[in-house]
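Reading through the structure tokens given below for one structure.
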């Protein structure tokens, strides 16, 4: 003979005292009113029917994380934005380029490249205008043409460095403004050289030293171009040496084109100024 367990419904022998499936004590059947579902269960039955509840008391269960995912995403975004915050101190940018010209350790404002390249050309042009004050009748014109020529030269060299990295070598890690700022960091010494040129002309020291300092500035621009090309991760097969050679040829033709636009008279004025100073 068989009977059904009133707790789990399993079929067991009629003479069994406990259910083989859930461990229910059939003696409780006599204590329960007819038609009522039994309330008492053995620890074995509780462990089968509710294993998670039996294994861990309700008071000790870990609370679930109810924070919305959007809040966690905002916190992570704020942390990453803080870590990549750029340095907006231009004086620190100048000092960093002076102490470690070829090593950019901090992300600076992208506008600093435009400022430095323009400022160095402006200071050098003022120094040139001061040197022509007692020689030519149009120092302002010579200073203005010198500023345009020097500014164009700065941006031609910096832009060609970006072109060599982006097109010839396939390194797209920097956009144009960031590349200008990196180039200006390499050439921040030009700012101090231009100041030295201006002071040199104001106190009227030996002109040979003036043009020696001026030539050092031009040499430093070429070294910065080389540093920009060598400090790349090429994605193309072109060798960095050939990229530098092509960039140098482009710079020569581009600066010559600017001189042609300004007029040969501007270059003649500068040459005449130089020859007069040496006589």
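The values are calculated or read from the model by the stated rules, or taken from the named source; none is laboratory data. As the structure is a computational prediction, the values presented were derived from the model and not from experiment. Cβ atoms come from the backbone with ideal geometry, glycine included; neighbour counts cover every protein chain shown.
Have a look at 159, 138, 179 and point out the one that is crowded, with 17+ Cβ neighbours inside 10 Å and closer than 20 Å to residue 259 by Cα. Testing whether each residue is crowded, with 17+ Cβ neighbours inside 10 Å and closer than 20 Å to residue 259 by Cα leaves just 159.
Have a look at 233, 279 and point out the one that is exposed (fewer than 11 other Cβ atoms within 10 Å of the Cβ), out of contact with any helix residue (DSSP H, G or I) (no Cβ under 9 Å at 6 or more places or on another chain) and modelled with pLDDT under 80. Steps first, answer last, please.
Numbers: 233 fails: modelled with pLDDT under 80.
Result: 279 is the single residue among 233, 279 that is exposed (fewer than 11 other Cβ atoms within 10 Å of the Cβ), out of contact with any helix residue (DSSP H, G or I) (no Cβ under 9 Å at 6 or more places or on another chain) and modelled with pLDDT under 80.
Whether a residue is under 26 Å from the mean Cα position of the chain (by Cα), more than 27 Å from residue 252 (Cα to Cα), assigned by TED's automatic domain parsing to the domain that holds residue 252 and without any contact (Cβ under 8 Å) to a residue 40 or more places away in the chain was assessed, and residue 106 passes this test. Residues in the range 87-119 that are part of a helix (DSSP H, G or I) and more than 21 Å from residue 151 (Cβ to Cβ): 91, 92, 95, 96, 98, 99.
Figure legend. Inter-residue proximity from the range 166-190: first residues free of Cβ contacts under 8 Å to residues at least 40 places away in the same chain, second residues surrounded by 20 or more Cβ atoms within 10 Å (Cβ to Cβ) and assigned to a helix (DSSP H, G or I), beta-carbon distance below 7 Å, spacing 6+ or different chains. Indicated pairs: 174/182; 176/162.
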